[in-house]
């Protein structure tokens, strides 16, 4: 288990890889983002995107899964109050292979809660061509190691 | 169909209502955010949240569905490059009834693309108690009405 004091500014953590299929893109978008370029391959082909693209929120979910399995679930994570800057520089398309990484930008002890610290990070997910498809500056609460 | 020039700064658009069940919270989190307080009711009860809470990305998806069905699908939406500020002031819990609204903050023509404008908005989703569970300052591209 990794605690707040184990994290260092400048550290980069590899989060692993995932991929996404056309069926998964369609299923997510039908539930959460039913815009034509996410749920209708023909309409998507005629759109400015030239083909089906994943909902940006699906892209976030794919990144989040990497963050959870590659970092948070081995860390004393206490959740997040929010995100400061979320960008989708390029769309995710069916069959894309995606790789995530996390850069630690800032660490500071909580002034009000001695059991935790506050970590600011920048997450990045890239496709197989190396293009960034998601960047995300996030704040997370991380527990401090209990005293023995 | 609503176009860029139909949107006014200060306008507020009601996006309708939705709700979320425990099964939906668990299913989303198993796919995208497998942290204990999202996928394990017992671990969640013992956590700082005192019970199961939805992934923040699930909360975004629920808001996005309201935004798509209550606004974007009647608007010449061309997608979004990103979000400037995303906050989850309170968690979403099983059975929550959620209401969305959108406030138009800024509208400006695109300098490089005469077919579209750029709209900055603030989305808000509240629970039945009136507490905000999501706020989201977003940028969207919106098409201009084609000349007759």
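Structure notes:
- Leading residue by the ranking (surrounded by the fewest Cβ atoms within 10 Å (Cβ to Cβ)) among those in region A:44-80 that are touching a helix residue (DSSP H, G or I) at 6+ places or on another chain (Cβ under 6 Å) and within 24 Å of residue A:118 (Cα to Cα): A:65
- Which listed residue, of A:114, A:89, is modelled with pLDDT of 95 or more and under 21 Å from residue A:139 (Cα atoms): A:89
- Subset tally (residues that are in a helix (DSSP H, G or I) and within 7 Å of another protein chain (Cβ to nearest Cβ)) for region B:70-82: 2
- Leading residue by the ranking (surrounded by the fewest Cβ atoms within 10 Å (Cβ to Cβ)) among those in region A:88-108 that are touching a residue at least 40 places away in the same chain (Cβ under 8 Å) and farther than 30 Å from residue A:44 by Cα: A:106
Yes/no matrix, rows are residues, columns are (1) within 14 Å of chain A (Cβ to nearest Cβ); (2) within 24 Å of residue A:37 (Cα to Cα); (3) touching a strand residue (DSSP E or B) at 6+ places or on another chain (Cβ under 9 Å); (4) not in a strand (DSSP E or B):
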position: B:51; (1), (2), (3), (4): yes, no, no, yes
position: B:65; (1), (2), (3), (4): yes, yes, yes, yes
position: B:84; (1), (2), (3), (4): yes, yes, yes, no
position: B:92; (1), (2), (3), (4): yes, no, yes, yes
position: B:101; (1), (2), (3), (4): no, yes, yes, no
position: B:118; (1), (2), (3), (4): no, yes, yes, no
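- Among the residues listed as B:32, B:28, the single one being within 20 Å of residue B:134 (Cβ to Cβ), touching a helix residue (DSSP H, G or I) at 6+ places or on another chain (Cβ under 6 Å), more than 7 Å from chain A (Cβ to nearest Cβ) and at pLDDT 95 or above: B:28
- Scope region A:120-148; condition touching a helix residue (DSSP H, G or I) at 6+ places or on another chain (Cβ under 7 Å) and buried (at least 17 other Cβ atoms within 10 Å of the Cβ); matching residues: A:123, A:125, A:133, A:134, A:136, A:142, A:143, A:144
- Selection status of residue B:13, in a helix (DSSP H, G or I), in contact (Cβ under 8 Å) with a residue 60 or more places away in the chain and in contact with a helix residue (DSSP H, G or I) (Cβ under 8 Å, 6 or more places away or on another chain): no
The values are calculated or read from the model by the stated rules, or taken from the named source; none is laboratory data. Treat the numbers as computed from the prediction; the structure is a model and nothing was measured. Glycine also receives a Cβ, built like all others from the backbone with ideal geometry; neighbour counts cover every protein chain displayed.
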